[in-house]
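The values are calculated or read from the model by the stated rules, or taken from the named source; none is laboratory data. What you are looking at is a predicted structure, and each value in this text was computed from that prediction instead of being measured. Here the Cβ positions follow ideal geometry from the backbone for every residue, glycine too, while neighbour counts run over all protein chains shown.
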Amino acid sequence: MNKLDIEVKNLGRFKGGAIKVRPLTVLTGKNGTGKSFFTKTLYPVFSIVNKNLLYIETADNIRMSSFEVDVFDGFLTRKGRVDKNHIQLLKSTLDKLHSIFLEIKDRPIDDYFQTCSVTTNTEVENFNKFIEYLVKLEKKQKINSVRYPADFLKKCLDSLIFNLTKRKKRYEDILENFVKKYTESIVIIHKHISQRLISTCYYVVVKNNTDIVALDSFFQLKK
């Protein structure tokens, strides 16, 4: 993230103002004017922004899908060759996707997006094939033996497909929801993600110092 524009109101000695945070940002002023206090408040903001929240969600979906396909495999009655082939293809696809994400999880988010766009097309296609298989299975009596795991597995695969094909949109949504969940002091008012650059503008309103201290303590505990 190369740009972060922050507007502050009633933060310590700051009555109000806007600060543009860039790769190199210099704050100047007399002692006791609130420079150090302001930089401390940036910690929880960067703690959120610098996390690849999309990877965290996608990795959880992969783990859950792998668990559910094992359950599906164990409970499906009268498995034929077609059933076994679809199940094995899904298991191998999830294993491969897990390996791909382990390799790219620590990359900058724009590189992460770019890599996903060129390396996961086959996996998305295989997920769609399994979903089509589940639709056809609905017409067979043996679906009753795996009704619940089949429904849950489809939801996991739908989420994976969305994360892989609409990754930028999902990243924006996750980031916004994560921020809103832990503090009402930070509200995203503008978001734009281009292919090579993420530019996010934040509007920071601090109602009182306790809000920031509590948020800062939360992220320190989570480190």
(request) Output the helices (runs of 4 or more DSSP H) that fall wholly within the stretch 48-131 and possess 1 or more residues being among the hydrophobic types (A, V, I, L, M, F, W, C), at pLDDT 95 or above and surrounded by 15 or more Cβ atoms within 10 Å (Cβ to Cβ), or say none. (result) 53-75, 81-104
(message) What pairs come out if I take residues in the stretch 162-176 that are part of a loop (DSSP other than H, G, I, E, B) and pair them with residues that are crowded, with 17+ Cβ neighbours inside 10 Å whose C-beta lies under 7 Å away, six or more apart or interchain?
(response) none
(message) Can you find, within the stretch 1-17, the residue that is modelled with the lowest pLDDT among those that are among the aliphatic types (A, V, I, L, M) and under 28 Å from the mean Cα position of the chain (by Cα)?
(response) M1
(message) Being assigned to a helix (DSSP H, G or I), more than 22 Å from E172 (Cβ to Cβ) and without any contact (Cβ under 8 Å) to a residue 12 or more places away in the chain: is that true of N144 here?
(response) yes
(request) Collect the residues in the stretch 5-41 that are touching a residue at least 24 places away in the same chain (Cβ under 8 Å) and not charged (D, E, K, R), keeping them in residue-number order. (result) I6, V8, N10, L11, G12, F14, F37, F38, T41
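Can you pull out every residue in the stretch 26-47 that is of a type in the set (S, T, N, Q), at pLDDT below 80 and farther than 20 Å from L175 by Cβ?
T33, S36, T39
For the stretch 98-118, name all the residues that are of a type in the set (V, I, T) and under 18 Å from the mean Cα position of the chain (by Cα).
I100, I104, I109, T115
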(request) Can you run down the residue pairs with Cβ atoms below 7 Å, 6 or more apart or on separate chains, where the first is in the stretch 77-90 and under 15 Å from K139 (Cα atoms) and the partner is not β-branched (V, I, T)? (result) T77/K142; T77/S145; R78/K142; D83/L76
